Every structure is written in structure tokens, then in C-alpha cells.
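One structure is given below, encoded as C-alpha cells.
Since every read-out is calculated from the coordinates, none of them should be taken as a lab result. Because the structure is predicted, anything quoted here is derived from the model rather than measured. As a convention, Cβ positions derive from the backbone with ideal geometry for all residues, glycine included, and neighbour counts pool all protein chains shown.
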Amino acid sequence: MSVLNVGFVPLLDAAPIIIAAEMGFAAEEGLALNLKPAASWSLVRDMLAFGAVDAAHMLAPVPVASALALGGGANVSLSAGAVLSMNGTVIGVSEPTAMRMRDTGFGFDFADPIGAREALLAVAPKPLRLGVPFPFSMHYELVTYWLGAAGQDAVEIRTVPPSLMADAIANDEIDAFCVGEPWGSLVVEQTAGTLILPGTSIWSQAPEKVLAMRTDWGTENAGSRNALIRASVKAARWLGNPDSATIAAEILSASEFLDLPAEVLDRGLSGQLTISSRGENRRVGAFVSFFEGAANFPWRSQAEWIGAQLAARAGLDQTEARTAAASVFRSDWYRDAMEGTGLDVPGASSKIEGANAEAIPVASAFGRLSLMPNQFYDCRVFDPDQT
Amino acid sequence: MDKNLSIVVVEPDQDRAREIAEGLTVIGYRDILVIGDTAKLSSRVVAAQADVVLIDVANPSRDILEELAVVSDPLNRPVALFVDEDKEGLAKAAIESGISAYVVNGLSADRLRPVLDTAIARFNMVGRMRTELTQAKRALEERKVIDRAKGLLMKARGIDEEAAYALLRRTAMDQGRKVVDVAQALVTAADLLS
């Protein structure tokens, strides 16, 4: 049995790593996982960089930002061996903002990101103060992509750690936020805000968290690396079964993990969100995907999309940045890990992002893989072969 | 040793903040700013022209400091900890002891070392004092519960104090539990039944 230290930030989407340790998926792969919670993403990144942990639950853009030499991390190369989850985030606004949006006749339609944007920008103070958990996060990318040109000078994006989001909105430090569950539901529970959109309405297949490791560690410890990827993916498959939601919520609610009521965690897991303190509900299909549609496969094109956004903001060369970014998502490691497991893997390593409104079959090793609907709210596509 | 560093200590706990600031003053640092609440943290750190920011690793606001790294020149970007040149394991020692340092101006390890050493020592000292205090409080609480349980047994069974304690201890041993847990169960049950 080899012992691996794995870092995580207490969030719903740390589930694949926690479930791998708690439900025996790691043990089946000959691993004993020593899970280490961290209070911040920068801490997880540093713990990885100097070897305090071997792998970690990580925001998908963090290893990409490292590869582009952006951000405050040490100069250590990080790689993503698998995607742990797709989506699972919500956008919300403060109570006063929600009230003003209601007054304009906005119906809080979770499938209308353009209507929500117009209603928000029409009533929002200038600038609109919007909280996201980290400068290098899918939350940041999704809100800037959603607000687009309209947001460029009308919005001030601030970093607010997830656990402090409810306080920041209650104390009028921010007007709106994008955060991962369960922290959006906790804002609603504290009657501080109302949810206006799920992250899925902006990009239906946004890679949210990855299994990150030091590139040199992954290269030198291929056995442990592959075992950990397999354990995470098998845990993700278990999580992908709707019948697992109740038990998963119970396990995650334990004090050593999220230390929050199982009922609140269940909302994100089931996609049944309570969006306001008035008790309004929205059902979101595939609110968070742990497994369905090759969710765990680290597509090079996903990393390239992230790299392209980061490069555009930082003024880096697009072609160079996209090449560097693509090398971070290790579809080769993933394939290597799945060898002989019977789990299907796509034949390609890159795809056109945003190209399918419906689920589509995809060429794969066993020919029984389908991709989930993959669409941006504005129907644009991202083709990794075109610059 | 150069003592002209601008040091920001981000610490909501006033006792701990005072200890760290005092410790740094004692060894000769003069330019120390303590920030207790984290509103507008990054702009305040910039305004203080900090060379080093010290922050508890358990503080989620650490992520706010990442904003500093986004706006600055990539060649001179602040790093949380310099792993590359950290031969003595300074970074690891700091994080394991509960402090994380955010180095703003490409500061060398030599210049940071005394700051971190002092901060770590003071941080740990406050931690120890806290632990002692909680231990003492807990011992006191436990004593109260055991005393109440003894009283209940003495009254219900007409036995003396020594016999009541022996009974509690024997039950605890039989059930593989702590004396205080058995006492607590008894007190809770008695409260419910009364």
C-alpha cells in the first residue's frame, strides 16, 4: 500500500478525492490517501510546489496559469492528470440588487444568461463589484466571458474566498458573485443574496477542477500517478450515479471534510437549487458532472481555451500561450492510467469546444462514449486548430 | 543584517498580531503594519509598500493577496514562497508551523530568514498558550461534570463519594469510554428525566 498526501479545499467538488479515500476506491488501487484540507488555493498550490502533498484538487486554470508564468506561485511545473468535475458553480447577487432586478420584471430564468446580464447591468451600481474565489479560476473566466464587452469598464472583479462570500455580500463589499457549491446555497441560507444563473448556462461543459500534480513527480512516479487517476475516476463514476447523492452528501458533511449540513450539500449534488430566501427553486440538469460524457478526460483543447483567455488578459502571445497551456492537461497520462480498466477513453486528445448543442457519440476505444452537450451561451466555438 | 524591511502582518487575532509585531520590533524591525480585517486587503498591502506579508496559513484571505501577483510585472512578481532557492526548507518549515509568507519584492532568503524565524517562534508561542488555556478549561469543565455525576449516583444509590467515582470508572472501563463521557451521559439522562 503506498501512501499519498492529497490536498483539497473544502468544496462540493472535492468529492472525487474524498470519496476515493472514504469508499475504498483508492484502497482498490493499492493507495492509502492522506487527505490534507487547505484554507486557500494559493496554499494548495504551494503545498504541491514544495512537496507537502503529492497531488491536489485544484482549480483548472491554476496549473495553466503556472505554465504561462502568471500568478504568485513558485516556478514549478504543474500538470493535470484528470478533470475531477465539470461545472457546479452559481452566479448570484445581493438582496438589494435582486430586488431591483425583480422590479425590472426579470423572472430569474436560469436558462437566460443574456436576459440576466441585461437585467443586472441595468440596475447595478457603477462599477459592479463582483466577487470570485481566485484570480485564476473558471469562475473568473465564466463571468468575464459572460459579461464580455459590456463588463469591461462597468465591472470590478474582486477576490473573495468561498467561505467568506456570504459575509462579503451581507456586508455590502460586493454586489454579485460567482462561486462553487455549497457556498452559493449558503449565501441563500444566510438570506444575503439570490442566485441568478448556474455556471452551466454560460458554458455547459466548463472544466472546473482537476487532479493536479507536479509534472516531475508524475513523470517519476507513473505507477502511483496512474493509480491515483484511476481511483479518482472510479470515485467520480460512483458520484455520477444519482443514487449516490444521499450517501455522498452525508460523507462530505463530516467535520473533517466540509463540516456543513448534508441537506445544503445535497442541493448542488442533485441540481435542485433553492435560489432565494423566498424559497424559489430551480432544477438544473447536469449542474455538476463528475463522470458522464468523458467528464474526467483532460482535453488539451480545454486547457487551450483557458490559456487563450489568460493570455488575452495578460497581453501574452496567443500561439505560444495556447501551446504551453495544452501541454498542461495530460491526456497521455489519463490514457495510460485507463489501460486495461475497461473504462472508455476518447480517440482524440483535442476537440472543438462549444460545437454541439446535443449529446453526440465520439470515436473511442470501445465505441460507446458520448459527449455531453457542449455549448457557450453565445454559441461561439473554440477551435484549437485555428488561431 | 538589513532591518529596513516593510512588513505587513495580516492577523485578525489581536494577541497573536501583537506578539508577532513585538517579536519583530525586538530584533530591530521598525516598519511593521498589522492588518486585522481583510477588507480591501490587496490595496492596503500595496499602499503599505510591503516587502513581506505574513499571514496565517489557515486564513482563507491569503487568496486575496494573489491579486498582487496579477497586476505586477511577471519578472518581478511576488511569490508566496520561494521554492526554487529555498535550500534550507524555510518555506516548508513556515507553512508547517502555520505561517505563510508572501514576498513582494523578490526578497532573498537571507533577508527573509530572521523575519520568518521570529514570526514562527512567536506564532507557536501564542499557539502553545492557547492550547494550555483550552486544556485547563476543559479539565475544569470535565471536573464539574464528574462531580455532578458523582452527586447523582450518591443520592440515587445511597453510596459515598469514593464508591460513586469507582462505579463511574468501572463503567467507563467496561464500555471502553472515558470517565467524563460516562459522567456526561448520566448527567444528560438525569436532566432529561427530571
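For segment A:100-107, what does the Karplus curve 6.51 cos²θ - 1.76 cosθ + 1.60, with θ = phi - 60°, yield as ³J(HN,Hα) per residue in whole Hz, taken in order and with x for Gly and Pro?
Values, residue by residue: 5, 5, 4, 4, 7, x, 5, x Hz.
Taking the alpha-carbon centroid of each part, what is the distance from segment B:145-194 to segment A:340-366 in angstrom?
Rounded to whole Å, the Cα centres lie 64 Å apart.
Kindly state, to the nearest 0.05, the FRET efficiency for residue A:368 paired with residue A:241, given R0 = 22 Å and r defined as their beta-carbon distance. Present the calculation step by step, with values, prior to reporting the outcome.
On the way: r = 17 Å, r/R0 = 0.78.
Computed FRET efficiency for residue A:368 and residue A:241: 0.80.
Return the sequence-ordered ³J(HN,Hα) values of segment A:78-92 in whole Hz as given by the Karplus equation 6.51 cos²θ - 1.76 cosθ + 1.60 applied to θ = phi - 60°, using x for Gly and Pro.
Along segment A:78-92, the couplings run 10, 10, 10, x, 6, 8, 8, 7, 10, 6, x, 10, 10, 10, x Hz.
Using Cα springs under 10 Å in a Gaussian network model of chain A, which residue among A:19, A:306, A:247 shows the largest mean-square fluctuation?
A:247
When only C-alpha pairs under 8 Å and at least 6 residues apart count, what is the relative contact order of segment A:1-63, in percent? Please report the intermediate quantities before stating the final value.
Details: 87 pairs, mean separation 29.9, N = 63.
That works out to 47 percent.
Shielding of A:42-52 by partners, i.e. mean partner chain Cβ atoms within 10 Å per residue?
Across A:42-52, the average partner-chain Cβ count within 10 Å equals 6.
Once Rh for the protein assembly as shown is found with the Kirkwood sum over Cα pairs, what is the Stokes-Einstein diffusion coefficient at 37 °C and 0.692 mPa s, in µm²/s?
128
In this model, which of A:36/A:234; A:209/A:351; A:36/A:351; A:126/B:40 are farther than 24 Å apart at the alpha-carbon?
Long pairs (Cα-Cα over 24 Å): A:36/A:351.
Determine ³J(HN,Hα), in whole Hz, for all residues of segment A:39-55 in sequence, where each value follows from phi through the Karplus function 6.51 cos²θ - 1.76 cosθ + 1.60 and θ = phi - 60°; x replaces Gly and Pro.
7, 8, 5, 5, 5, 4, 4, 5, 4, 5, 4, 9, x, 5, 10, 8, 8
Can you compute the FRET efficiency between residue A:319 and residue A:281 using 1/(1 + (r/R0)^6), with r the Cβ-Cβ distance and R0 = 60 Å? Round to the nearest 0.05.
Efficiency for this residue pair is about 0.85.
Give me the compactness ratio for segment A:266-387, meaning the Cα radius of gyration over 2.2 N^0.38 Å.
It is 1.25.
Could you tell me the relative contact order of chain A? Use alpha-carbon pairs under 8 Å, at least six residues apart, and round to a whole percent.
It comes to 22 percent, rounded to a whole number.
Top mean-square fluctuation among A:161, A:261, A:37, Gaussian network model of chain A, C-alpha springs under 10 Å?
Greatest mean-square fluctuation among the candidates belongs to A:261.
Nearest 20 debye, what's the magnitude of the dipole of chain A about its Cα centre given +1 on Lys and Arg Cβ and -1 on Asp and Glu Cβ?
It works out to roughly 300 debye.
Taking the dipole about the Cα centre of chain A, with the C-beta of Lys and Arg at +1 and of Asp and Glu at -1, give me whichever of A:8, A:360, A:155 is farthest to the positive side.
Highest projection toward the positive end goes to A:360.
In the Gaussian network model of chain A, springs joining C-alpha atoms below 10 Å, which of A:197, A:252, A:186 carries the largest mean-square fluctuation?
Of A:197, A:252, A:186, the most mobile in the Gaussian network model is A:186.
Considering amide H positions built from the backbone, and no H for Pro or chain starts, which residues 5 or more places from residue A:329, or on another chain, come under 5 Å of its amide H?
The list, which skips near neighbours in sequence, is A:80.
Rounded to the nearest 5, what % of the DSSP beta bridges within the protein assembly as shown are antiparallel ones? Don't skip to the end; give the middle numbers.
Working: 40 of 66 bridges.
Taking every DSSP beta bridge with both residues in the protein assembly as shown, the antiparallel ones total about 60 percent.
Output needed: percent of Cα pairs per 10 Å distance bin for segment B:134-193, bins running from 0 to the one holding the longest distance.
25, 53, 21, 1
Collect residues whose amide H, placed 1.01 Å from N in the peptide plane, falls under 5 Å from the amide H of residue A:34; neighbours closer than 5 in sequence don't count.
Long-range HN contacts for residue A:34: A:4, A:5, A:6.
Residue B:9's amide H: which non-local residues (gap 5+, or another chain) put their own amide H closer than 5 Å, with H modeled 1.01 Å from N in plane and none for Pro or chain starts?
B:33, B:34, B:35, B:54
Normalised by the number of residues in segment A:60-148, what is the relative contact order in percent for Cα pairs under 8 Å and 6+ residues apart?
Reported as a whole number, the value is 31 percent.
From the convex hull of the Cα coordinates of segment A:1-140, what is the mean projected area in square nanometres?
Value for segment A:1-140: 10.7 nm².
For segment B:134-193, with only Lys/Arg (+1) and Asp/Glu (-1) charged at the beta-carbon, what is the dipole magnitude about the Cα centre, in debye rounded to 20?
120
With the dipole of the protein assembly as shown worked out from charges on the C-beta (+1 for Lys and Arg, -1 for Asp and Glu) around the Cα centre, which of B:175, A:262, A:286 lies farthest toward the positive end?
Checking the options against the dipole of the protein assembly as shown, the answer is B:175.
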